[in-house]
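A short reminder: the numbers here are calculations on the coordinates, not readings from a lab. All values reported here derive from a predicted model rather than from experimental measurement. Note that each Cβ is placed from the backbone with ideal geometry, even for glycine, and that neighbours are counted across all protein chains shown.
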Amino acid sequence: MSGSSFGKIFRITTWGESHGAAIGVVIDGCPAGLSLSASDIQAFLDRRKPGQNKYTTKRQESDLVEILSGTFDGKTTGTPISLLVRNQDQRSKDYGNIASVYRPGHADYTFDSKYGFRDYRGGGRSSGRETIGRVAAGAVASLILNELGISLLAFTKAVGPVVVDETEYCFDEISENPFNMPSNARAEEASAYLDTLIEHLDSAGGIIECIVKGMPAGIGEPVFDKLDSLLSQSVVSIGAVKAIEFGSGFKAAASNGSRNNDAFSIGENSNICKETNHAGGILGGMSDGSDLILRAYVKPTPSIAQPQKTVTTEGKETELIIKGRHDPIIAPRAVVVVESMIAIVLTDLLLQNMSSRLDSVKSFYKK
Ligand SMILES: Cc1cc2nc3c(=O)[nH]c(=O)nc-3n(C[C@H](O)[C@H](O)[C@H](O)COP(=O)(O)O)c2cc1C
């Protein structure tokens, strides 16, 4: 299998399966001298952990991170950072009935078509647990971004049809409800909606939004490695994410140039700024200095307990009832995963940008 690594300078490689001994990530290219402890990473992993309320899977996973390499005396050394989380609450027997059956909405059929062999216990590399490595690396990237005054805020914008309009955003409420929504009132509506779905053994989709503040202008490499193209690759590579948009996004297709263009003006400090932000902070694949705004569209959890029509690996039609413990909605748990992937892309592109001008190279080497 190829494709488990991502990034050029700040490069991550995730490894491990959901029902193997452990899961983790190796980060190469993290600058030396960054203060880093296991608790910095644990804080991120705890936001992803299941079993925290009735809308996440009842699997109890403590997901404790161990730093195996790359730090000394509480600081990064510039060498590869290896992070490991041991798998604990594995109930492989829950997956016995899917060994010879393809689950609709999952990667079972495509894995078998490609490799002729698959780890059917929980999806192997396609499991939501693969995102542990991404989140652990995202915690490290976020520490670097903090040092540069760049901050990320991610939350659940929608649970099924329940959407928080931006005029209602109350960011203090994100941590006060089970869905990470910036509105407790909308979260109550979301609870009622999900309760009905749970009764009908069904699941819901959702939308995650992330707002990045403090981005300097000019980050992103303008042809294949555009800021928006790398963000798209990294976010859509998260299981169950089916689409991404920036700023006005899909709505821009139905707009006009006169409404969609963001007029430039001179701000209070004589700096160039934009009067609106339909572009979501990106022009020509480079950050334009305004807030970076993106939304990830997440499909409903494919594992539902309703009987579903499918086929066996022997090619016979059958009915499947999935046992095991699954989230009735993925979006709230994936908020920190989306935030992490964005942090990883921004860190990598910020490091790449250091070689964009001779002046920067000279100021580094000519003291
Ligand atoms: C954080 C996270 C948790 C997930 N949890 C579940 C789950 O409990 N049950 C499930 O069926 N799918 C879950 N998924 C989604 C599947 O991994 C994903 O839908 C599947 O691998 C098929 O990939 P695709 O949806 O990208 O085509 C989760 C995904 C993420 C990111």
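Sorted from fewest to most neighbouring beta carbons within 10 Å, what does the list TYR365, TYR115, TYR102, TYR193 look like?
If I rank by nearby Cβ atoms, fewest first, I get TYR365, TYR115, TYR193, TYR102.
Taking other Cβ within 10 Å of each residue's Cβ, how do LYS226, LYS366 sort, fewest first?
Ranked by crowding around the Cβ, least crowded first: LYS366, LYS226.
Compute the orientation-averaged projected area for the range 234-367 from the convex hull of its Cα atoms and round it to one decimal in nm².
Convex hull of Cα atoms, orientation-averaged projection: 15.0 nm².
Can you give the relative contact order of the range 1-40 as a percent, counting alpha carbon pairs under 8 Å and 6+ residues apart?
About 30 percent, as a whole number.
Near THR76, within a Cβ-to-Cβ distance under 14 Å, what is the net charge of the other residues, with Lys and Arg +1 and Asp and Glu -1?
So the environment of THR76 carries a net charge of -3.
Quote the relative contact order of the range 1-87 in percent (integer), defining contacts as alpha-carbon pairs under 8 Å separated by 6+ residues.
Relative contact order of the range 1-87: 33 percent.
So what is the relative contact order of the chain, in percent, for Cα pairs below 8 Å that sit 6 or more residues apart?
21
Residue separation times 0.36 nm, minus the C-alpha to C-alpha distance between SER237 and PHE171: what's the value?
Contour length minus Cα-Cα distance gives 21.1 nm.
P(r) for the range 250-308, please, calculated from all Cα pair distances in 10 Å bins and given in %.
Result returned by the calculation: 18, 36, 20, 12, 10, 4, 0.
Hey, could you pull the Cα Rg and Dmax for the chain, both in Å?
21.6, 72
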